[in-house]
1. Add +1 for every Lys or Arg and -1 for every Asp or Glu among the other residues with Cβ under 12 Å from the Cβ of LYS110, and state the total.
2. Can you tell me the FRET efficiency between ARG157 and ARG83 if r is taken as the Cβ-Cβ distance and R0 is 41 Å, rounded to the nearest 0.05?
3. List every residue whose amide H lies under 5 Å from the amide H of ILE84, counting only residues 5 or more places away in sequence or on a different chain, with H placed 1.01 Å from N in the peptide plane.
4. So what J values fall out for the stretch 151-164 if you push phi through Karplus, 6.51 cos²θ - 1.76 cosθ + 1.60 with θ = phi - 60°, rounded to Hz, Gly and Pro as x?
5. For SER89, list long-range residues whose amide hydrogen, built 1.01 Å from N in the peptide plane, is under 5 Å from its own amide hydrogen.
6. Within the set of other residues whose C-beta is less than 10 Å from the C-beta of ILE31, count the net charge using Lys and Arg as +1 and Asp and Glu as -1.
7. Could you give me the ³J(HN,Hα) list for the stretch 88-93, computed from phi with Karplus coefficients 6.51, -1.76, 1.60 and θ = phi - 60°, whole Hz, x at Gly and Pro?
8. What list of ³J(HN,Hα) values in whole Hz, one per residue of the stretch 141-148 in order, does the Karplus curve 6.51 cos²θ - 1.76 cosθ + 1.60 (θ = phi - 60°) give from phi, with Gly and Pro shown as x?
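Nothing in this text is a laboratory measurement; each read-out follows from the coordinates by a stated rule. Being a predicted model, the structure only gives us computed values, none of them experimental. Don't worry about glycine lacking a Cβ; one is built from the backbone with ideal geometry, like all the others, and counts go over all protein chains shown.
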Amino acid sequence: MPTNKSILKRGFKAKAERIAEQYREELSISIFDPLDAFALAEHLQVPVFSVQDLQEISPAHLKTLSDTSKFSALWLPNEEGQRIIIHNSAHSPKRQQSNLMHELAHLILKHEIPDKEAQLCKEYGLHYYNEEHEQEAKYLGGVLQITRAGLLWALKRNMTEAQISDYYNASIDMVKFRLNTSGVLIQRRYRK
């Protein structure tokens with residue numbers, strides 16, 4: 001069962017910032033600029049499909065994946081072993097960005113599904129869940145979307161949460177998550 005308590009290892013947050021900055025540099029994007037999840041997926045050579053793109057999924061799986069209340073995105077290996085992402089294109093564009101960044105974070109961090117669990121998931125239509133992996137992907141996904149430097153840049157310009165959301169094509173929830181987990185609000189209070 002997921003918990004709210006962070007189990008991120010010491011140094012992970014700084015590592016996530018370095019990763020996000022590295023990919024922005026590779027894509028010739030400033031650390032203050034938005035990073036498009038589809039562009040990052042293309043850069044990483046990770047094919048992205050919407051549920052609607054998939055014609056060969058069994059009806060039972062397609063129903064589960066297309067239920068907007070139950071499915072956001074997932075990564076999985078295809079028959080050739082290449083990792084792909086399937087996402088819910090019924091979500092808002094901002095939510096799709098967050099969903100994709102989360103799944104890309106799993107791939108960037110080389111999260112694996114143990115063979116035994118992968119086989120059980122495949123046979124019974126189950127979903128593998130690892131709390132540490134999920135927290136790492138949530139944090140890195142958020143940083144890929146909005147770097148700490150980007151948050152500071154936005155706050156120095158007195159941007160509202162809504163303006164930050166629009167600029168970074170991120171949901172308000174993601175902006176709040178980043179503001180509350182990055183330490184920028186505490187840093188800003190001490191400087192005043």
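1. With Lys, Arg at +1 and Asp, Glu at -1, the net is -1.
2. Rounded to the nearest 0.05, the efficiency is 0.65.
3. Correct list: LEU76, ASN78.
4. 5, 4, 4, 5, 5, 5, 8, 6, 6, 7, 4, 5, 5, 5
5. Sorted by chain and number, the residues that satisfy this are VAL51, GLN52.
6. -2
7. My calculation for the stretch 88-93 gives 8, 6, 6, 6, 4, x Hz in order.
8. x, x, 5, 4, 6, 9, 6, 4
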